[in-house]
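Structure record follows, encoded as C-alpha coordinates.
The values are calculated or read from the model by the stated rules, or taken from the named source; none is laboratory data. Predicted, not measured: the structure shown is a model, and the values here were computed from it. With ideal geometry, Cβ positions are generated from the backbone for all residues, glycine too; neighbour counts draw on all protein chains shown. Surface areas here come from the heavy atoms of the whole protein model, side chains and all, with no ligands, DNA or RNA. Shrake-Rupley method; radii C 1.70, N 1.55, O 1.52, S 1.80 Å.
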Amino acid sequence: LSVSLCVSSSGVRGVRDTRMVAAGMTPAMADAVEELTRLYRELPPRPAVEEVEAAAAVLASADAEEEARLAEIAREEAAARARAGAGKESVPDELIAVLGEARRNAMRLRALQQRKEAAHVLELERRFKVFDDLIQKASRVVSPDDGGGGGRDGAVADEVVEVEAKRKEAAVTAAAVEIDRGSKGGLGLESKAVSSLRRASSAGSDTEKLSLIQVASLIESSAKKGNTELNLRGKLVDQIEWLPVSLGKLQDVTELDISENRIMALPSTIGSLRYLTKLDLHSNQLINLPDTFGELSSLIDLDLHSNQLKTLPASFGNLTNLANLDLSSNMLRVLPDCLGKLTNLRRLLVETNELEELPYTIGSCTSLVELRLDFNQLKALPEAIGKLEKLEILTLHYNRIKGLPTTIGSLSRLRELDVSFNEVEVIPENIGFATSLVKLNVSRNFADLRTLPRSIGNLEMLEELDISSNQIHVLPDSFRLLSKLRAFHADETPLEVPPREVVKLGAQEVVNYMAEMVAAREGGQKITTDGRTFWSWLCSLFGCCKKGHSSASVPV
(Lines give C-alpha, C1' and ligand atoms only; values in the text may rest on other atoms or scores of the structure.)
Protein backbone atom coordinates (compact mmCIF):
# COMPACT_ATOMS: atom_id res chain seq x y z
CA LEU A 1 0.00 0.00 0.00
CA SER A 2 1.20 3.48 -0.71
CA VAL A 3 1.08 5.56 2.43
CA SER A 4 1.60 9.18 3.31
CA LEU A 5 3.11 10.37 6.56
CA CYS A 6 1.74 13.54 8.12
CA VAL A 7 4.12 14.89 10.72
CA SER A 8 2.86 17.34 13.34
CA SER A 9 4.64 19.25 16.07
CA SER A 10 3.93 16.43 18.49
CA GLY A 11 5.64 13.82 16.22
CA VAL A 12 3.82 11.11 14.33
CA ARG A 13 0.26 12.17 13.61
CA GLY A 14 -0.69 8.79 12.10
CA VAL A 15 -0.86 7.13 8.72
CA ARG A 16 -3.72 7.46 6.28
CA ASP A 17 -4.25 5.10 3.37
CA THR A 18 -4.26 7.16 0.19
CA ARG A 19 -7.30 5.21 -0.97
CA MET A 20 -9.28 6.49 2.03
CA VAL A 21 -8.26 10.02 1.28
CA ALA A 22 -9.08 9.55 -2.39
CA ALA A 23 -12.44 8.14 -1.43
CA GLY A 24 -13.26 11.35 0.38
CA MET A 25 -13.62 9.77 3.80
CA THR A 26 -13.76 12.06 6.73
CA PRO A 27 -11.24 11.62 9.57
CA ALA A 28 -13.99 10.16 11.75
CA MET A 29 -14.78 7.55 9.09
CA ALA A 30 -11.10 6.69 8.80
CA ASP A 31 -10.89 6.29 12.56
CA ALA A 32 -13.88 3.95 12.52
CA VAL A 33 -12.31 1.88 9.76
CA GLU A 34 -9.02 1.71 11.68
CA GLU A 35 -10.87 0.59 14.79
CA LEU A 36 -12.47 -2.22 12.77
CA THR A 37 -9.03 -3.18 11.46
CA ARG A 38 -7.56 -3.18 14.97
CA LEU A 39 -10.34 -5.41 16.28
CA TYR A 40 -9.73 -7.88 13.48
CA ARG A 41 -6.00 -7.86 14.09
CA GLU A 42 -6.53 -8.76 17.77
CA LEU A 43 -8.48 -11.89 16.92
CA PRO A 44 -6.80 -15.28 17.46
CA PRO A 45 -5.39 -17.04 14.35
CA ARG A 46 -8.08 -18.07 11.93
CA PRO A 47 -8.34 -21.85 11.42
CA ALA A 48 -7.14 -23.14 8.09
CA VAL A 49 -9.61 -24.73 5.72
CA GLU A 50 -8.20 -28.19 6.57
CA GLU A 51 -8.75 -27.51 10.27
CA VAL A 52 -12.37 -26.53 9.78
CA GLU A 53 -13.02 -29.63 7.68
CA ALA A 54 -11.22 -31.75 10.28
CA ALA A 55 -13.31 -30.30 13.11
CA ALA A 56 -16.51 -30.99 11.21
CA ALA A 57 -15.37 -34.57 10.61
CA VAL A 58 -14.54 -35.05 14.30
CA LEU A 59 -17.98 -33.90 15.41
CA ALA A 60 -19.66 -36.05 12.79
CA SER A 61 -17.68 -39.07 13.97
CA ALA A 62 -18.22 -38.32 17.65
CA ASP A 63 -21.98 -38.78 17.52
CA ALA A 64 -21.78 -42.08 15.65
CA GLU A 65 -18.98 -43.36 17.86
CA GLU A 66 -20.80 -42.42 21.06
CA GLU A 67 -23.83 -44.32 19.85
CA ALA A 68 -21.74 -47.39 19.04
CA ARG A 69 -19.92 -47.31 22.38
CA LEU A 70 -23.19 -46.98 24.32
CA ALA A 71 -24.56 -49.99 22.43
CA GLU A 72 -21.41 -51.97 23.24
CA ILE A 73 -21.68 -51.12 26.94
CA ALA A 74 -25.33 -52.16 26.91
CA ARG A 75 -24.38 -55.53 25.34
CA GLU A 76 -21.67 -56.09 27.93
CA GLU A 77 -24.11 -55.25 30.71
CA ALA A 78 -26.71 -57.68 29.32
CA ALA A 79 -24.08 -60.41 29.00
CA ALA A 80 -22.97 -59.87 32.61
CA ARG A 81 -26.59 -60.19 33.79
CA ALA A 82 -27.00 -63.37 31.76
CA ARG A 83 -23.88 -64.91 33.30
CA ALA A 84 -25.06 -63.92 36.78
CA GLY A 85 -28.49 -65.40 36.09
CA ALA A 86 -26.91 -68.67 34.95
CA GLY A 87 -24.90 -68.86 38.15
CA LYS A 88 -21.54 -68.49 36.37
CA GLU A 89 -20.74 -65.23 38.16
CA SER A 90 -21.92 -64.07 41.58
CA VAL A 91 -22.28 -60.36 40.86
CA PRO A 92 -25.36 -58.53 42.22
CA ASP A 93 -27.60 -56.98 39.58
CA GLU A 94 -27.32 -53.58 41.25
CA LEU A 95 -23.53 -53.67 41.02
CA ILE A 96 -23.74 -54.56 37.34
CA ALA A 97 -26.01 -51.53 36.80
CA VAL A 98 -23.63 -49.23 38.71
CA LEU A 99 -20.67 -50.45 36.68
CA GLY A 100 -22.56 -49.94 33.43
CA GLU A 101 -23.52 -46.39 34.38
CA ALA A 102 -19.92 -45.63 35.36
CA ARG A 103 -18.71 -46.85 31.96
CA ARG A 104 -21.27 -44.71 30.18
CA ASN A 105 -20.29 -41.60 32.13
CA ALA A 106 -16.58 -42.19 31.56
CA MET A 107 -17.21 -42.62 27.85
CA ARG A 108 -19.31 -39.43 27.67
CA LEU A 109 -16.61 -37.44 29.47
CA ARG A 110 -13.99 -38.60 26.98
CA ALA A 111 -16.32 -37.79 24.10
CA LEU A 112 -16.96 -34.34 25.57
CA GLN A 113 -13.25 -33.63 25.73
CA GLN A 114 -12.77 -34.72 22.13
CA ARG A 115 -15.71 -32.61 20.96
CA LYS A 116 -14.48 -29.57 22.87
CA GLU A 117 -11.49 -28.83 20.65
CA ALA A 118 -13.43 -29.44 17.45
CA ALA A 119 -16.30 -27.24 18.62
CA HIS A 120 -13.81 -24.49 19.47
CA VAL A 121 -12.40 -24.53 15.93
CA LEU A 122 -15.87 -24.38 14.38
CA GLU A 123 -16.88 -21.54 16.70
CA LEU A 124 -13.75 -19.61 15.72
CA GLU A 125 -14.59 -20.03 12.06
CA ARG A 126 -18.16 -18.90 12.69
CA ARG A 127 -16.93 -15.73 14.41
CA PHE A 128 -14.55 -15.02 11.57
CA LYS A 129 -17.41 -15.33 9.10
CA VAL A 130 -19.28 -12.72 11.13
CA PHE A 131 -16.27 -10.43 10.74
CA ASP A 132 -16.22 -11.17 7.02
CA ASP A 133 -19.81 -9.94 6.77
CA LEU A 134 -19.02 -6.85 8.86
CA ILE A 135 -16.05 -5.99 6.63
CA GLN A 136 -18.25 -6.28 3.56
CA LYS A 137 -20.83 -3.99 5.15
CA ALA A 138 -18.12 -1.48 6.04
CA SER A 139 -16.87 -1.58 2.47
CA ARG A 140 -20.33 -0.81 1.15
CA VAL A 141 -20.67 2.10 3.60
CA VAL A 142 -17.30 3.53 2.61
CA SER A 143 -18.03 3.16 -1.12
CA PRO A 144 -21.81 3.10 -1.48
CA ASP A 145 -21.68 3.64 -5.24
CA ASP A 146 -19.33 0.70 -5.96
CA GLY A 147 -21.66 -2.19 -5.20
CA GLY A 148 -18.93 -4.20 -3.49
CA GLY A 149 -17.63 -5.72 -6.71
CA GLY A 150 -14.97 -3.41 -8.10
CA GLY A 151 -13.29 -0.03 -7.90
CA ARG A 152 -12.08 1.16 -4.53
CA ASP A 153 -14.30 -1.19 -2.51
CA GLY A 154 -13.35 -4.11 -4.80
CA ALA A 155 -9.71 -3.52 -4.01
CA VAL A 156 -10.45 -3.54 -0.27
CA ALA A 157 -12.50 -6.75 -0.50
CA ASP A 158 -9.83 -8.44 -2.62
CA GLU A 159 -7.25 -7.55 -0.01
CA VAL A 160 -9.34 -9.14 2.74
CA VAL A 161 -9.83 -12.32 0.71
CA GLU A 162 -6.13 -12.55 -0.06
CA VAL A 163 -5.17 -12.20 3.60
CA GLU A 164 -7.66 -14.81 4.65
CA ALA A 165 -6.65 -17.29 1.95
CA LYS A 166 -2.89 -17.11 2.16
CA ARG A 167 -2.28 -15.73 5.66
CA LYS A 168 1.32 -15.30 4.75
CA GLU A 169 1.58 -11.91 3.04
CA ALA A 170 2.78 -8.88 4.87
CA ALA A 171 0.26 -6.13 4.37
CA VAL A 172 2.78 -3.38 4.96
CA THR A 173 5.86 -2.56 2.87
CA ALA A 174 6.63 0.95 4.03
CA ALA A 175 8.84 1.94 6.93
CA ALA A 176 6.10 4.17 8.26
CA VAL A 177 3.98 1.13 9.10
CA GLU A 178 6.86 -0.33 11.08
CA ILE A 179 6.69 2.84 13.21
CA ASP A 180 2.99 2.50 13.89
CA ARG A 181 1.64 -0.90 12.86
CA GLY A 182 -1.90 -0.03 13.83
CA SER A 183 -2.18 3.11 11.70
CA LYS A 184 -2.79 1.53 8.29
CA GLY A 185 -5.55 3.19 6.40
CA GLY A 186 -8.51 1.59 4.71
CA LEU A 187 -9.51 -1.98 5.49
CA GLY A 188 -6.02 -3.48 4.99
CA LEU A 189 -5.57 -6.37 7.38
CA GLU A 190 -2.31 -7.72 8.76
CA SER A 191 -1.44 -11.39 8.26
CA LYS A 192 -2.32 -13.63 11.14
CA ALA A 193 0.16 -16.10 12.57
CA VAL A 194 -0.13 -19.65 11.28
CA SER A 195 -2.42 -21.62 13.57
CA SER A 196 -0.68 -23.59 16.29
CA LEU A 197 -3.08 -26.44 15.57
CA ARG A 198 -1.97 -26.55 11.92
CA ARG A 199 1.69 -26.35 12.93
CA ALA A 200 1.29 -29.31 15.29
CA SER A 201 -0.57 -31.43 12.78
CA SER A 202 1.68 -30.72 9.84
CA ALA A 203 4.89 -31.12 11.77
CA GLY A 204 4.07 -34.68 12.77
CA SER A 205 6.68 -34.55 15.51
CA ASP A 206 7.85 -37.88 16.85
CA THR A 207 8.03 -36.46 20.37
CA GLU A 208 4.61 -34.80 20.59
CA LYS A 209 1.39 -36.81 20.55
CA LEU A 210 -1.50 -35.64 18.41
CA SER A 211 -4.99 -34.81 19.59
CA LEU A 212 -8.03 -36.07 17.69
CA ILE A 213 -8.54 -32.83 15.79
CA GLN A 214 -4.85 -32.70 14.89
CA VAL A 215 -5.15 -36.21 13.51
CA ALA A 216 -8.23 -35.18 11.54
CA SER A 217 -6.37 -32.13 10.22
CA LEU A 218 -3.43 -34.29 9.21
CA ILE A 219 -5.80 -36.63 7.38
CA GLU A 220 -7.35 -33.70 5.50
CA SER A 221 -3.92 -32.37 4.57
CA SER A 222 -2.64 -35.79 3.46
CA ALA A 223 -5.75 -36.37 1.37
CA LYS A 224 -5.36 -33.04 -0.46
CA LYS A 225 -1.68 -33.63 -1.12
CA GLY A 226 -2.37 -37.12 -2.43
CA ASN A 227 0.07 -38.75 -0.02
CA THR A 228 0.55 -42.49 -0.49
CA GLU A 229 1.84 -43.23 3.03
CA LEU A 230 0.69 -42.16 6.49
CA ASN A 231 2.47 -43.22 9.68
CA LEU A 232 0.69 -42.60 12.99
CA ARG A 233 2.46 -45.34 14.96
CA GLY A 234 2.30 -44.43 18.65
CA LYS A 235 1.55 -40.78 17.83
CA LEU A 236 -1.99 -40.41 19.17
CA VAL A 237 -2.75 -39.23 22.68
CA ASP A 238 -4.05 -41.99 24.93
CA GLN A 239 -7.54 -40.47 25.09
CA ILE A 240 -8.19 -41.14 21.39
CA GLU A 241 -10.27 -44.32 21.07
CA TRP A 242 -11.59 -43.87 17.54
CA LEU A 243 -10.66 -42.23 14.26
CA PRO A 244 -12.72 -39.62 12.38
CA VAL A 245 -14.84 -40.56 9.38
CA SER A 246 -12.58 -38.38 7.24
CA LEU A 247 -10.16 -41.33 7.23
CA GLY A 248 -12.04 -42.43 4.13
CA LYS A 249 -10.65 -39.45 2.22
CA LEU A 250 -7.21 -41.05 2.03
CA GLN A 251 -8.03 -42.39 -1.41
CA ASP A 252 -4.41 -42.46 -2.61
CA VAL A 253 -2.84 -44.04 0.46
CA THR A 254 -1.21 -47.43 -0.12
CA GLU A 255 0.45 -47.87 3.31
CA LEU A 256 -1.21 -46.91 6.60
CA ASP A 257 0.27 -47.49 10.07
CA ILE A 258 -1.92 -46.72 13.10
CA SER A 259 -0.28 -49.26 15.41
CA GLU A 260 0.67 -48.87 19.08
CA ASN A 261 -2.17 -46.53 20.01
CA ARG A 262 -5.40 -47.16 21.93
CA ILE A 263 -7.94 -47.22 19.10
CA MET A 264 -11.06 -49.21 19.95
CA ALA A 265 -13.00 -48.79 16.71
CA LEU A 266 -12.43 -47.96 13.05
CA PRO A 267 -14.85 -45.81 11.02
CA SER A 268 -16.87 -47.57 8.35
CA THR A 269 -15.33 -45.19 5.81
CA ILE A 270 -12.08 -47.15 5.98
CA GLY A 271 -13.54 -49.30 3.22
CA SER A 272 -12.97 -46.39 0.83
CA LEU A 273 -9.20 -46.91 0.87
CA ARG A 274 -9.32 -49.05 -2.25
CA TYR A 275 -5.60 -48.74 -3.06
CA LEU A 276 -4.41 -49.70 0.42
CA THR A 277 -1.93 -52.60 0.24
CA LYS A 278 -0.42 -52.52 3.73
CA LEU A 279 -2.32 -51.84 6.95
CA ASP A 280 -0.74 -52.08 10.41
CA LEU A 281 -3.14 -51.90 13.37
CA HIS A 282 -1.22 -53.94 15.93
CA SER A 283 -1.18 -53.08 19.63
CA ASN A 284 -4.46 -51.20 19.82
CA GLN A 285 -7.72 -52.09 21.61
CA LEU A 286 -9.89 -53.01 18.65
CA ILE A 287 -12.94 -55.05 19.66
CA ASN A 288 -14.30 -55.62 16.17
CA LEU A 289 -13.89 -54.53 12.56
CA PRO A 290 -16.55 -52.72 10.49
CA ASP A 291 -18.40 -54.68 7.82
CA THR A 292 -16.86 -52.40 5.20
CA PHE A 293 -13.42 -53.78 6.07
CA GLY A 294 -13.86 -56.37 3.35
CA GLU A 295 -13.88 -53.59 0.74
CA LEU A 296 -10.10 -53.15 1.12
CA SER A 297 -9.72 -55.31 -1.96
CA SER A 298 -6.07 -54.37 -2.64
CA LEU A 299 -4.83 -55.29 0.82
CA ILE A 300 -1.77 -57.60 0.84
CA ASP A 301 -0.30 -57.20 4.35
CA LEU A 302 -2.54 -56.92 7.41
CA ASP A 303 -1.26 -56.84 11.00
CA LEU A 304 -3.93 -57.03 13.72
CA HIS A 305 -1.95 -58.67 16.50
CA SER A 306 -2.31 -57.57 20.12
CA ASN A 307 -5.88 -56.27 20.00
CA GLN A 308 -9.11 -57.51 21.60
CA LEU A 309 -10.85 -58.96 18.56
CA LYS A 310 -13.45 -61.62 19.30
CA THR A 311 -14.80 -62.09 15.79
CA LEU A 312 -14.03 -61.18 12.20
CA PRO A 313 -16.69 -59.71 9.87
CA ALA A 314 -18.29 -61.90 7.20
CA SER A 315 -16.83 -59.58 4.58
CA PHE A 316 -13.32 -60.61 5.62
CA GLY A 317 -13.32 -63.26 2.92
CA ASN A 318 -13.38 -60.52 0.27
CA LEU A 319 -9.73 -59.69 1.00
CA THR A 320 -8.70 -62.09 -1.73
CA ASN A 321 -5.31 -60.44 -2.36
CA LEU A 322 -4.23 -60.87 1.24
CA ALA A 323 -0.85 -62.63 1.52
CA ASN A 324 0.23 -61.96 5.13
CA LEU A 325 -2.23 -61.96 8.04
CA ASP A 326 -1.32 -61.64 11.72
CA LEU A 327 -4.20 -62.24 14.14
CA SER A 328 -2.10 -63.32 17.13
CA SER A 329 -2.76 -62.15 20.69
CA ASN A 330 -6.47 -61.50 20.34
CA MET A 331 -9.57 -63.18 21.83
CA LEU A 332 -10.77 -65.17 18.82
CA ARG A 333 -12.66 -68.39 19.58
CA VAL A 334 -13.35 -69.30 15.96
CA LEU A 335 -12.19 -68.28 12.53
CA PRO A 336 -14.94 -67.61 9.98
CA ASP A 337 -15.61 -70.07 7.16
CA CYS A 338 -14.99 -67.24 4.71
CA LEU A 339 -11.31 -67.60 5.55
CA GLY A 340 -11.21 -70.25 2.85
CA LYS A 341 -11.67 -67.56 0.21
CA LEU A 342 -8.21 -66.19 0.95
CA THR A 343 -6.56 -68.31 -1.71
CA ASN A 344 -3.49 -66.07 -1.96
CA LEU A 345 -2.76 -66.18 1.76
CA ARG A 346 0.82 -67.33 2.38
CA ARG A 347 1.36 -66.55 6.06
CA LEU A 348 -1.28 -66.91 8.80
CA LEU A 349 -0.41 -66.25 12.44
CA VAL A 350 -3.11 -66.95 15.03
CA GLU A 351 -1.08 -67.63 18.18
CA THR A 352 -2.36 -66.73 21.63
CA ASN A 353 -6.09 -66.73 21.01
CA GLU A 354 -8.88 -68.97 22.32
CA LEU A 355 -9.44 -71.10 19.22
CA GLU A 356 -11.10 -74.45 19.85
CA GLU A 357 -11.22 -75.56 16.24
CA LEU A 358 -10.24 -74.57 12.73
CA PRO A 359 -12.80 -74.24 9.94
CA TYR A 360 -12.74 -77.04 7.40
CA THR A 361 -12.39 -74.35 4.73
CA ILE A 362 -8.79 -73.84 5.85
CA GLY A 363 -8.01 -76.47 3.22
CA SER A 364 -8.90 -73.96 0.51
CA CYS A 365 -6.05 -71.65 1.52
CA THR A 366 -3.83 -73.56 -0.85
CA SER A 367 -1.11 -70.90 -0.98
CA LEU A 368 -0.34 -71.17 2.75
CA VAL A 369 3.37 -71.59 3.48
CA GLU A 370 3.36 -70.77 7.21
CA LEU A 371 0.61 -71.53 9.75
CA ARG A 372 1.20 -70.76 13.43
CA LEU A 373 -1.48 -71.80 15.94
CA ASP A 374 0.46 -71.85 19.23
CA PHE A 375 -1.19 -71.10 22.60
CA ASN A 376 -4.81 -71.89 21.77
CA GLN A 377 -7.38 -74.49 22.88
CA LEU A 378 -7.35 -76.67 19.78
CA LYS A 379 -8.26 -80.32 20.32
CA ALA A 380 -7.74 -81.50 16.76
CA LEU A 381 -6.90 -80.42 13.24
CA PRO A 382 -9.34 -80.93 10.37
CA GLU A 383 -8.44 -83.55 7.77
CA ALA A 384 -8.55 -80.71 5.24
CA ILE A 385 -5.18 -79.58 6.55
CA GLY A 386 -3.69 -82.15 4.17
CA LYS A 387 -4.76 -80.02 1.21
CA LEU A 388 -2.20 -77.35 2.08
CA GLU A 389 0.39 -78.80 -0.27
CA LYS A 390 2.64 -75.71 -0.10
CA LEU A 391 2.76 -75.61 3.71
CA GLU A 392 6.31 -75.51 5.08
CA ILE A 393 5.82 -74.47 8.73
CA LEU A 394 3.10 -75.74 11.08
CA THR A 395 3.35 -74.95 14.80
CA LEU A 396 0.80 -76.09 17.41
CA HIS A 397 2.76 -75.46 20.60
CA TYR A 398 0.60 -75.41 23.79
CA ASN A 399 -2.80 -76.70 22.68
CA ARG A 400 -4.91 -79.72 23.68
CA ILE A 401 -4.41 -81.84 20.58
CA LYS A 402 -4.65 -85.60 21.09
CA GLY A 403 -3.68 -86.69 17.61
CA LEU A 404 -2.66 -85.51 14.18
CA PRO A 405 -4.85 -86.10 11.11
CA THR A 406 -3.81 -88.96 8.83
CA THR A 407 -3.59 -86.45 5.98
CA ILE A 408 -0.49 -84.95 7.60
CA GLY A 409 1.52 -87.12 5.24
CA SER A 410 0.19 -85.16 2.27
CA LEU A 411 2.21 -82.12 3.33
CA SER A 412 5.12 -83.00 1.09
CA ARG A 413 6.81 -79.61 1.53
CA LEU A 414 6.49 -79.45 5.32
CA ARG A 415 9.85 -78.56 6.86
CA GLU A 416 8.92 -77.75 10.46
CA LEU A 417 6.28 -79.36 12.69
CA ASP A 418 5.85 -78.47 16.37
CA VAL A 419 3.21 -80.28 18.45
CA SER A 420 4.94 -79.85 21.81
CA PHE A 421 2.98 -79.25 25.03
CA ASN A 422 -0.15 -81.06 23.86
CA GLU A 423 -1.91 -84.32 24.72
CA VAL A 424 -0.77 -86.27 21.67
CA GLU A 425 -1.18 -90.02 22.17
CA VAL A 426 -0.04 -91.27 18.80
CA ILE A 427 1.70 -89.92 15.72
CA PRO A 428 0.23 -91.42 12.54
CA GLU A 429 2.42 -93.62 10.36
CA ASN A 430 1.50 -91.36 7.43
CA ILE A 431 3.93 -88.78 8.74
CA GLY A 432 6.60 -90.81 7.00
CA PHE A 433 5.38 -89.36 3.71
CA ALA A 434 6.26 -85.81 4.85
CA THR A 435 9.77 -86.42 3.59
CA SER A 436 10.81 -82.74 3.58
CA LEU A 437 10.65 -82.49 7.39
CA VAL A 438 13.79 -80.92 8.82
CA LYS A 439 12.59 -80.10 12.34
CA LEU A 440 10.13 -82.18 14.38
CA ASN A 441 9.16 -81.34 17.96
CA VAL A 442 6.82 -83.74 19.78
CA SER A 443 8.16 -82.98 23.26
CA ARG A 444 6.23 -82.59 26.50
CA ASN A 445 3.18 -84.60 25.69
CA PHE A 446 4.00 -86.17 29.05
CA ALA A 447 2.11 -89.39 29.86
CA ASP A 448 0.31 -89.50 26.54
CA LEU A 449 2.94 -90.19 23.87
CA ARG A 450 4.53 -93.66 24.29
CA THR A 451 5.91 -94.51 20.84
CA LEU A 452 7.26 -92.97 17.68
CA PRO A 453 5.89 -94.17 14.33
CA ARG A 454 7.89 -96.95 12.66
CA SER A 455 7.91 -94.85 9.49
CA ILE A 456 10.03 -92.13 11.11
CA GLY A 457 13.05 -93.47 9.28
CA ASN A 458 11.54 -92.24 6.01
CA LEU A 459 12.22 -88.65 7.12
CA GLU A 460 15.63 -88.67 5.54
CA MET A 461 15.93 -84.84 5.66
CA LEU A 462 15.29 -84.67 9.43
CA GLU A 463 17.96 -82.68 11.27
CA GLU A 464 16.31 -81.88 14.63
CA LEU A 465 14.09 -84.15 16.73
CA ASP A 466 12.81 -83.41 20.24
CA ILE A 467 10.96 -86.14 22.20
CA SER A 468 11.64 -84.75 25.69
CA SER A 469 9.23 -85.37 28.59
CA ASN A 470 7.27 -88.22 27.01
CA GLN A 471 6.85 -91.90 27.94
CA ILE A 472 8.81 -93.36 25.04
CA HIS A 473 10.98 -96.35 26.08
CA VAL A 474 12.21 -97.70 22.75
CA LEU A 475 13.09 -96.01 19.47
CA PRO A 476 11.85 -97.76 16.31
CA ASP A 477 14.34 -99.69 14.20
CA SER A 478 13.97 -97.25 11.30
CA PHE A 479 15.61 -94.57 13.46
CA ARG A 480 18.92 -95.87 12.08
CA LEU A 481 18.07 -94.34 8.70
CA LEU A 482 18.10 -90.71 9.96
CA SER A 483 21.53 -90.02 8.55
CA LYS A 484 21.19 -86.21 8.65
CA LEU A 485 20.03 -86.00 12.27
CA ARG A 486 22.30 -83.58 14.13
CA ALA A 487 20.20 -82.66 17.21
CA PHE A 488 18.29 -85.22 19.30
CA HIS A 489 16.68 -84.23 22.60
CA ALA A 490 15.17 -86.78 24.96
CA ASP A 491 15.38 -85.05 28.34
CA GLU A 492 13.19 -86.63 31.02
CA THR A 493 12.09 -89.36 28.63
CA PRO A 494 12.70 -92.88 30.10
CA LEU A 495 14.52 -94.29 27.07
CA GLU A 496 15.87 -97.82 27.40
CA VAL A 497 16.81 -98.38 23.76
CA PRO A 498 19.14 -96.77 23.19
CA PRO A 499 20.38 -96.42 26.78
CA ARG A 500 20.87 -93.00 28.31
CA GLU A 501 24.64 -93.29 28.03
CA VAL A 502 24.35 -93.40 24.25
CA VAL A 503 21.80 -90.58 24.04
CA LYS A 504 24.21 -88.29 25.86
CA LEU A 505 26.81 -88.85 23.14
CA GLY A 506 24.76 -87.10 20.49
CA ALA A 507 22.32 -87.65 17.64
CA GLN A 508 24.56 -89.55 15.25
CA GLU A 509 25.77 -91.91 17.96
CA VAL A 510 22.13 -92.79 18.63
CA VAL A 511 21.65 -93.44 14.91
CA ASN A 512 24.79 -95.58 14.82
CA TYR A 513 23.74 -97.54 17.90
CA MET A 514 20.35 -98.32 16.38
CA ALA A 515 22.01 -99.37 13.11
CA GLU A 516 24.40 -101.73 14.90
CA MET A 517 21.66 -103.11 17.10
CA VAL A 518 19.44 -103.93 14.10
CA ALA A 519 22.37 -105.41 12.21
CA ALA A 520 23.30 -107.57 15.16
CA ARG A 521 19.77 -108.77 15.61
CA GLU A 522 19.38 -109.58 11.97
CA GLY A 523 22.64 -111.56 12.16
CA GLY A 524 21.31 -113.61 15.06
CA GLN A 525 23.53 -111.93 17.62
CA LYS A 526 22.53 -110.78 21.04
CA ILE A 527 23.73 -107.44 22.30
CA THR A 528 24.97 -107.58 25.85
CA THR A 529 27.08 -105.33 27.96
CA ASP A 530 30.17 -107.51 28.38
CA GLY A 531 33.66 -106.37 27.41
CA ARG A 532 33.39 -107.73 23.85
CA THR A 533 30.14 -106.11 22.78
CA PHE A 534 28.31 -103.03 24.14
CA TRP A 535 30.98 -101.80 26.52
CA SER A 536 33.70 -102.42 23.96
CA TRP A 537 31.76 -100.31 21.49
CA LEU A 538 31.03 -97.66 24.11
CA CYS A 539 34.66 -97.48 25.29
CA SER A 540 35.86 -97.20 21.71
CA LEU A 541 33.92 -93.95 21.45
CA PHE A 542 35.89 -92.49 24.36
CA GLY A 543 39.22 -94.06 23.32
CA CYS A 544 39.55 -95.90 26.61
CA CYS A 545 38.76 -99.29 28.14
CA LYS A 546 36.72 -99.73 31.29
CA LYS A 547 36.84 -102.85 33.40
CA GLY A 548 35.00 -104.33 36.29
CA HIS A 549 31.52 -103.39 35.18
CA SER A 550 28.66 -105.69 35.95
CA SER A 551 26.92 -107.10 32.96
CA ALA A 552 23.24 -106.74 32.20
CA SER A 553 21.07 -107.34 29.20
CA VAL A 554 20.01 -104.37 27.14
CA PRO A 555 16.36 -104.66 26.12
CA VAL A 556 15.82 -104.68 22.38
Could you give the accessible area per residue of segment 236-289, probe 1.4 Å, as a whole number in Å²?
-> 35 Å²
Pop out the carbon and sulfur fraction of the accessible area of segment 231-527 as a percent, whole number, probe 1.4 Å.
-> 45 percent
Debye calc, one equal point scatterer per Cα of segment 391-480, no solvent, log10 I(q)/I(0) at q = 0.10, 0.18, 0.23, 0.24 1/Å comes to -0.20, -0.71, -1.23, -1.35
For segment 71-136, what is the accessible area per residue in Å², given a 1.4 Å probe and the full set of protein chains?
-> 65 Å²
Mind checking the per residue accessible area of segment 393-524 for me, 1.4 Å probe, whole number of Å²?
-> 42 Å²
Could you state, as a whole-number percent, how many of the C-alpha pairs of segment 231-527 are farther apart than 28 Å?
-> 46 percent
Nearest-0.05 FRET efficiency for S367 and R108 at R0 = 45 Å, using Cβ-Cβ distance, is 0.45
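Show me the ranking of peptides 44-56, 416-428 by mean Cβ neighbours inside 10 Å, starting with the highest.
Working: 44-56: 21.4, 416-428: 19.8.
Answer by packing, highest mean first, reads 44-56, 416-428.
Provide the FRET efficiency to the nearest 0.05 for the A60-N321 pair, computing r from the beta carbons and using R0 = 30 Å.
Details: r = 31 Å, r/R0 = 1.02.
Computed FRET efficiency for A60 and N321 comes out at 0.45.
From the alpha carbon gyration tensor of segment 252-321, can you work out the equivalent ellipsoid semi-axes (sqrt of 5 times each eigenvalue) and give them in Å, largest to smallest?
Values: eigenvalues 61, 39, 22 Å².
Equivalent ellipsoid of segment 252-321: 17, 14, 10 Å, largest first.
Do the alpha carbons of any pairs in K310/K439; K278/K379; K390/K439 sit beyond 25 Å of each other, and which pairs? Provide the component values of the computation, followed by the final result.
Values: K310/K439 33 Å; K278/K379 33 Å; K390/K439 17 Å.
Exceeds cut-off: K310/K439; K278/K379.
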Protein-only accessible surface order, largest first, of F433, F488 at 1.4 Å = F433, F488
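Could you give the length gained by full extension between N231 and A447, i.e. 0.36 nm per residue of separation minus their alpha carbon distance, to one decimal place? Present the calculation step by step, with values, prior to reporting the outcome.
Values: separation 216, 0.36 × 216 = 77.76 nm, distance 5.04 nm.
Answer, rounded to one decimal: 72.7 nm.
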Just the Cα atoms of segment 370-443, one point each, no solvent: what log10 I(q)/I(0) does Debye give at q = 0.11, 0.28 Å⁻¹?
-> -0.21, -1.58
